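Everything on this sheet refers to the single structure shown next.
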Amino acid sequence: MAIDRETLRYLGWWLAFGVLMCLLPFVVGTGTLRILIFAHFLAMFAMSWDFLSGRTGYISFGHPFLIGIAGYTTAILSFRFDVPIYYSIPAAIVATMVGGTLFFLPALRIRGTYFALVTLAFMEILYQLTKVVAPKITGGTRGMSGLESIVTGAVNNYYLSFGIMFVTGVVLWLLIRTRLGIALSAIRMNEEAVRSTGHNTTKLKLFAFTVSAAVSGIGGAFYVHYIGSIAPRGMFEINFLFTILVAALLGGAETIIGPIMGAYFLTVLLEYLRPVMPGMERYLLYGAIALVLYVVRPEGIYSIIADAGRKVQEWRR
Amino acid sequence: MALQILIQGFVLSGLYALIAVGFTMIFSVGRVLNLAYGVYIMLGGYIYYAALQGAGLPVFASFILAILAGVTFGLLTYLLLVRRLEDNPIAVEISTLILAVVMQALIVVIFGAAPKTMWPVIRGVLRFEGISVTMNILLATGVSWVVLGGLMAFVRYTHLGRAIRAVSMDRKGAVISGIEPSFISMVTWALSGAFGAIAGVFFATFTQLDSHMWVFPLIISVAVVIVGGIGSIVGSLIAAHIIGFVETITTTMIAAELRGVSTMLLIILVLLIRPKGLFGRAEL
Amino acid sequence: MTATAGPLLEVRDLHMTFGGIRAVQGISFQVAEGETLGLIGPNGAGKTTVFNMIMAELRPTSGEIWFRGENITRVPTYERVKRGIARTYQVPQPFGEMSVGANIRVGMAPDDIWKLVSEGADHAAEADIGRSVGFSDEQIDMLPSELAMGDLRRLEMARNVAVSPTLLLLDEVFAGLTLREIGQISELLVEKKRKDGLTYIIVSHDLRALAPLVDRVIVMSFGEIIAEGTFDDVVRDEAVRDAYLGQ
Ligand SMILES: Nc1ncnc2c1ncn2[C@@H]1O[C@H](COP(=O)(O)OP(=O)(O)O)[C@@H](O)[C@H]1O
Ligand SMILES: [Mg+2]
């Protein structure tokens, strides 16, 4: 890995972010921590989406499919077959990576709009199947609840979720700064030209899909053990997909920091609106915000902040 | 059994063709997928419900109001969203999906989250050889044929229709016909909204009204586009029948719960074997 | 250079049919190492399609492609690049959101995921390649959208140089260029050939620019070869004149 000075400087920022977030439990109450735990999981899913779709341009509308594989695998193993969670979670991650290669098959032949639709179809199939196939095992429409938790208490769960997200974020961020990251972005811009510069794009795409699936797998597996339940509705839903997409896009796809910021922004916004707007009005409002922002500023919040930072620097000069 | 499959298959396929036509139109003409299309269907259903069962207006007036709502919303989608992003199909897809979720929330805010049952447009049941079909669904099938026939005639025999067809084959077509391309787009989006609303009224009487009801018709529309390919009304019609019959056969002969699964598998299969659709012409 | 007795590239009886359109109907030719072959013919003759088949971007309906005595008909694009074949596109295909330097970086990057991750980019080598095709140091940081047509063609050359080819397929290299740019690109081609011993197949409509570069010319029309020989012989050929006038 080439660690140049710029990378070191940014790593310093990551470190500062990490330290700050680790100090937070001393300052804020458990209510806030519980909100942030959701933000961390959402950030995992958004980063996973971003690594696949933001980089390679293969837009996934089926990420809940991957997350669901992870969640159901660990839930079934631990809940129905009493497998200890330190085996069931890795098994879930591996299963999700296999699921990721399923996603990958259509990507060999189709891209753009049609690819997005096939992934959506994958999600719908799994939704239908979990309801009807072997309901004794999956729990059918009602799913499973009372899943074992990994750690207890808001503070512990906060550190656990933040740790997972932070490590994943740094690893993905380092990864996209390498030439691999550039090659994956080149696929988004012109896949044929990447091939004609001597790259096996199939291999590159498979790598991106597997990494993305692994991140979804980690997030999904830890997530269901945190909330303690899983059901087809809620998991394989367009609303869930929408939340992931919006988090990734709001923050600004393609940056890793963007999806994390998007996740914090969305979760916190949603929570603070809860007292004022108890029901669906919140979705109405944040959907509208997301829509306007996306149409006006497709590069996302991160770019707005980066721009503002640049302006401030210019102004100081 | 065979007769039942035949009748149910035709009726269901008719409804699906009606649902899909507004969606495929947009795709053929503008080459963008409007994932907010399901909203026109939902809107059609809810406005009809509010007018008929809420305000007590007559059936015909309620229908007109529903269609007007569809047209308005179709135009708004195009003018406020799609036109700004038109060179980027992925951006259109993502933003129309977000729009759909926003509208879903709006419906809940206005009408509440509880599902609502709609009266059938016409009452009565037709019995034949031990099989019963509601008059309502027969009417839906009939309307579907009339709408599709009318659209075909419009596209073939009117100047504007021919221009729309020209654009769907080749974007330069509009320039040749001398009609402003943005006008053609607006007409297409208005029509799409109208068809969506009409389909919505029947779809809602067929199932029920709730804020999630936009998803299923959207998936059916997408399936029709994928199976049929783009650019041909007849192709979409045949695709709707393939999907309708596959679904009917699956639900009556294998298991009723596999309703959605068969359609999804069909989509994936067609995409993998013939990405351009069974009757498709243009690639994407 | 490995010395091979046979031709560097040989295509045997290539056919390509699109639906009902027979774009290429039985093309056979050879190119010797170090040779420059001109490929000309009216629009729609099938020249680009031949390039697409040599690069495996299209799979021929029938026929074979041999490179250095090996049948590569079933070899995928990226493997052909590794064996030493590269191309430019009629319409330049840069990675639009990347600087010139990053475009070259993709070309230089190895096809090995581990190395892509573990080894950093060699910015000096990128700049060298950029300069070798005539980019200034400021241009290395520019985006393709800021470049003129001549520079876009240069960028394609640079990306190709980065993969160190022996055979370079140049599709309409002079199209859309000013006279000055044509001169510069011609010079660049001659220079690269002298230094690296490249073999070229050049498609061009600009016969005047093509003439001094080529050793031999093949003329295609409606998917078939209608003439072959030195530039002077070919332009005097009746069939060739008919094909161009009939256009
Ligand atoms: N992908 C394709 N699909 C269908 N037809 C094609 C395709 N590529 C080329 N053609 C057709 O093949 C013929 C030859 O095209 P091309 O090789 O681009 O000619 P040239 O480069 O000599 O101008 C043309 O008639 C063109 O329309
Ligand atoms: Mg050409």
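The values are calculated or read from the model by the stated rules, or taken from the named source; none is laboratory data. Everything numeric in this text was worked out from a predicted model, so none of it was measured. In this analysis, Cβ positions are derived from the backbone assuming ideal geometry, glycine residues included, and neighbour counts consider all displayed protein chains. Ligands, DNA and RNA are stripped out before the accessible areas are found, and what is left, the full protein with its side chains, is counted by its heavy atoms. Shrake-Rupley method; radii C 1.70, N 1.55, O 1.52, S 1.80 Å.
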Check your understanding: Does the stretch A:236-276 hold any residues that are assigned to a loop (DSSP other than H, G, I, E, B) and surrounded by fewer than 16 Cβ atoms within 10 Å (Cβ to Cβ), and which are they?
Key -> A:Arg274, A:Pro275, A:Val276
Review point. Which pairs have Cβ atoms under 7 Å, sit 6 or more apart or on different chains, and link a residue in the stretch C:112-126 that is touching a residue at least 24 places away in the same chain (Cβ under 8 Å) to one that is open to solvent by less than 40 Å² (accessible area, probe 1.4 Å) and not β-branched (Val, Ile, Thr)?
Key: C:Glu126/C:Gly101
Practice item. Report, by residue number, each residue of the stretch B:118-134 that is within 18 Å of B:Tyr48 (Cβ to Cβ) and either within 14 Å of chain A (Cβ to nearest Cβ) or surrounded by 12 or more Cβ atoms within 10 Å (Cβ to Cβ) (or both). Key: B:Met118, B:Trp119, B:Pro120, B:Val121, B:Ile122, B:Thr134
Practice item. Could you tell me whether any residue of the stretch C:16-23 is crowded, with 17+ Cβ neighbours inside 10 Å, within 16 Å of ligand 1 (Cβ to nearest atom) and away from every other protein chain (no Cβ under 14 Å)? Key: yes
Review point. Using beta carbons and a limit of 8 Å, which pairs, at least six apart or on different chains, have the first residue in the stretch C:167-190 and more than 14 Å from chain A (Cβ to nearest Cβ) and the second one within 16 Å of ligand 1 (Cβ to nearest atom) and part of a helix (DSSP H, G or I)?
Key: C:Phe174/C:Leu210
**Study point:** Residue in the stretch A:225-252 that is farthest from A:Gly140 (Cα to Cα), counting only those that are more than 9 Å from every other protein chain (Cβ to nearest Cβ) and of a type in the set (A, V, I, L, M)
**Key:** A:Leu250
Review point. In the stretch C:201-210, what residues are touching a residue at least 40 places away in the same chain (Cβ under 8 Å) and either more than 16 Å from ligand 2 (Cβ to nearest atom) or assigned to a helix (DSSP H, G or I) (or both)?
Key: C:Leu207, C:Leu210
Review point. Among the residues of the stretch C:181-191, is there at least one that is outside any helix (DSSP H, G or I), under 27 Å from C:Met53 (Cβ atoms) and either modelled with pLDDT of 90 or more or open to solvent by 50 Å² or more (accessible area, probe 1.4 Å) (or both)?
Key: no
Practice item. For the stretch A:218-228, state whether one or more residues are among the small types (Gly, Ala, Ser) and surrounded by fewer than 22 Cβ atoms within 10 Å (Cβ to Cβ). Key: yes
Check your understanding: Filtering the stretch A:184-194 down to residues that are in contact with a helix residue (DSSP H, G or I) (Cβ under 6 Å, 6 or more places away or on another chain) and of a type in the set (A, V, I, L, M), which residue is nearest to the other protein chains (Cβ to nearest Cβ)?
Key -> A:Ala186
Revision key, fill the gap. From the option list C:Glu119, C:Glu97, C:Glu146, C:Glu79, single residue qualifying as under 17 Å from A:Thr201 (Cβ atoms) and open to solvent by 30 Å² or more (accessible area, probe 1.4 Å) is C:Glu79
Point to revise | The one condition in (1) buried (at least 23 other Cβ atoms within 10 Å of the Cβ); (2) closer than 17 Å to B:Gly9 by Cα that B:Phe206 fails to fulfil | key: (1)
Review point. Among A:Leu77, A:Leu52, A:Leu66, which is within 14 Å of chain B (Cβ to nearest Cβ) and not hydroxyl-bearing (Ser, Thr, Tyr)?
Key: A:Leu52
**Study point:** Residues of the stretch C:27-63 satisfying the condition of being in a loop (DSSP other than H, G, I, E, B), within 14 Å of chain A (Cβ to nearest Cβ), open to solvent by 10 Å² or more (accessible area, probe 1.4 Å) and within 13 Å of ligand 1 (Cβ to nearest atom)
**Key:** C:Glu57, C:Leu58, C:Arg59
Exercise for review: Can you confirm whether the stretch A:210-224 contains a residue that is touching a strand residue (DSSP E or B) at 6+ places or on another chain (Cβ under 6 Å) and away from every other protein chain (no Cβ under 14 Å)?
Suggested key: yes
Practice item. Evaluate the stretch C:168-178: report whether one residue or more is within 16 Å of ligand 1 (Cβ to nearest atom), open to solvent by 50 Å² or more (accessible area, probe 1.4 Å) and in the same structural domain as C:Met55 (by TED's automatic domain parsing). Key: yes
**Study point:** Filtered residues of the stretch B:72-94 (kept if within 12 Å of chain A (Cβ to nearest Cβ) and hydroxyl-bearing (Ser, Thr, Tyr))
**Key:** B:Thr77
Exercise for review: Kindly indicate whether any position in the stretch C:7-15 is within 30 Å of C:Pro110 (Cα to Cα) and either within 14 Å of ligand 2 (Cβ to nearest atom) or over 18 Å from the mean Cα position of the chain (by Cα) (or both).
Suggested key: no
Revision key, fill the gap. Of the candidates A:Leu147, A:Leu175, the one satisfying the condition of being of a type outside the set (Asp, Glu) and within 14 Å of chain C (Cβ to nearest Cβ) is A:Leu175
Review point. Could you say which residue among C:Ile113, C:Ile140 is at pLDDT 90 or above, away from ligand 2 (no atom under 16 Å from the Cβ), among the β-branched types (Val, Ile, Thr) and outside the structural domain of C:Phe67 (by TED's automatic domain parsing)?
Key: C:Ile140
Review point. Does at least one position in the stretch C:211-220 carry a residue that is free of Cβ contacts under 8 Å to residues at least 40 places away in the same chain and either within 16 Å of ligand 1 (Cβ to nearest atom) or under 30 Å from C:Gly20 (Cβ atoms) (or both)?
Key: no
Point to revise | Residues (open to solvent by 20 Å² or more (accessible area, probe 1.4 Å), of a type outside the set (Lys, Arg) and in contact (Cβ under 8 Å) with a residue 60 or more places away in the chain) located in the stretch A:176-210 | key: A:Ile176, A:Met189, A:Thr202, A:Leu206, A:Thr210
Point to revise | Subset of the stretch A:34-49 [away from chain B (no Cβ under 13 Å) and open to solvent by less than 10 Å² (accessible area, probe 1.4 Å)] | key: A:Ile37, A:Ala39, A:His40, A:Ala43, A:Met44, A:Phe45, A:Ala46, A:Met47, A:Ser48
Check your understanding: Among the residues of the stretch C:192-199, is any within 24 Å of C:Thr49 (Cβ to Cβ), assigned by TED's automatic domain parsing to the domain that holds C:Met16, part of a strand (DSSP E or B) and within 16 Å of ligand 2 (Cβ to nearest atom)?
Key -> no
Practice item. Identify, from the list C:Asn103, C:Asn160, the residue that is buried (at least 16 other Cβ atoms within 10 Å of the Cβ), within 12 Å of another protein chain (Cβ to nearest Cβ), touching a strand residue (DSSP E or B) at 6+ places or on another chain (Cβ under 7 Å) and at pLDDT 90 or above. Key: C:Asn160
Check your understanding: Which members of the stretch B:246-272 meet the condition of being under 15 Å from B:Val225 (Cα atoms), more than 8 Å from every other protein chain (Cβ to nearest Cβ) and open to solvent by 70 Å² or more (accessible area, probe 1.4 Å)?
Key -> B:Leu269
Study note, to complete from the structure: When restricted to C:Val234, C:Val219, C:Val203, the only residue modelled with pLDDT under 90 and open to solvent by less than 20 Å² (accessible area, probe 1.4 Å) is C:Val234
